[in-house]
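Q: Dropping the structure in here first, questions after.
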Amino acid sequence: MELHCLYGIGDQDEVNPVPFFCKYGVSKPGYHWLSEKCGFSGHAPAPLEIAYSGENGEVSPDAWIGFGGDMDPNPYNDKMVSELKETWRNLCKKKVNEAYQEYMKQHKLLEDKK
């Protein structure tokens, strides 16, 4: 799920002050929204995305990629898109597992089971 700050959209910024709990500044969402039930929070689904999150579970703008855009076939074809999404899903799962295995191997945390 993607979080979006809706503060300042329209005339809201002239009527409402920045919430006191706004940790990162306006337009920079975070989990503090959830605990404070921020009225300026917005969200959107993030299907078919793979991401690396930091220590706080937040994903920086350069740490994710999702299916779509230049990955869509040209001309657009629903059947082909369905097949491509399945390929994307399988590749993502494979690469995550490969990254885990490589990490464990590099740091000698994986027992040799030969």
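Q: Return the pairs, sorted by first residue and then second, in which the second residue is assigned to a loop (DSSP other than H, G, I, E, B), the first residue lies in region 59-85 and is over 20 Å from residue 96 (Cα atoms), the beta carbons are less than 7 Å apart, and the residues are 6+ apart or on different chains.
A: These pairs meet every condition: 80/73; 81/72; 81/73.
Q: Another question about this same structure. Being surrounded by 10 or more Cβ atoms within 10 Å (Cβ to Cβ), modelled with pLDDT under 95 and either farther than 28 Å from residue 4 by Cα or of a type in the set (D, E, K, R) (or both) is the requirement here; does residue 58 meet it?
A: For residue 58, the condition - surrounded by 10 or more Cβ atoms within 10 Å (Cβ to Cβ), modelled with pLDDT under 95 and either farther than 28 Å from residue 4 by Cα or of a type in the set (D, E, K, R) (or both) - is met.
Q: If you don't mind, there's one more thing I want to ask. Determine, yes or no, whether residue 45 is closer than 21 Å to residue 5 by Cβ, under 17 Å from the mean Cα position of the chain (by Cα) and surrounded by fewer than 11 Cβ atoms within 10 Å (Cβ to Cβ).
A: yes
Q: Could I ask something else about it? From the list 23, 28, 93, which residue is of a type in the set (D, E, K, R) and either at pLDDT 80 or above or not in a loop (DSSP other than H, G, I, E, B) (or both)?
A: 93
Q: Could I ask something else about it? Just need a number here: residues in region 62-110 that are in contact with a helix residue (DSSP H, G or I) (Cβ under 9 Å, 6 or more places away or on another chain) and surrounded by fewer than 11 Cβ atoms within 10 Å (Cβ to Cβ).
A: 1
Q: Just to be sure before I move on: is residue 13 more than 18 Å from the chain's Cα centre (by Cα), of a type outside the set (A, V, I, L, M), part of a helix (DSSP H, G or I) and modelled with pLDDT under 80 in the structure I sent?
A: Considered against the rule, which asks whether it is more than 18 Å from the chain's Cα centre (by Cα), of a type outside the set (A, V, I, L, M), part of a helix (DSSP H, G or I) and modelled with pLDDT under 80, residue 13 comes out as yes.
The values are calculated or read from the model by the stated rules, or taken from the named source; none is laboratory data. Keep in mind the model is a prediction, meaning the values are calculated, not measured. Positions of Cβ are generated from backbone atoms using ideal geometry, with glycine treated the same way; all protein chains shown enter the neighbour counts.
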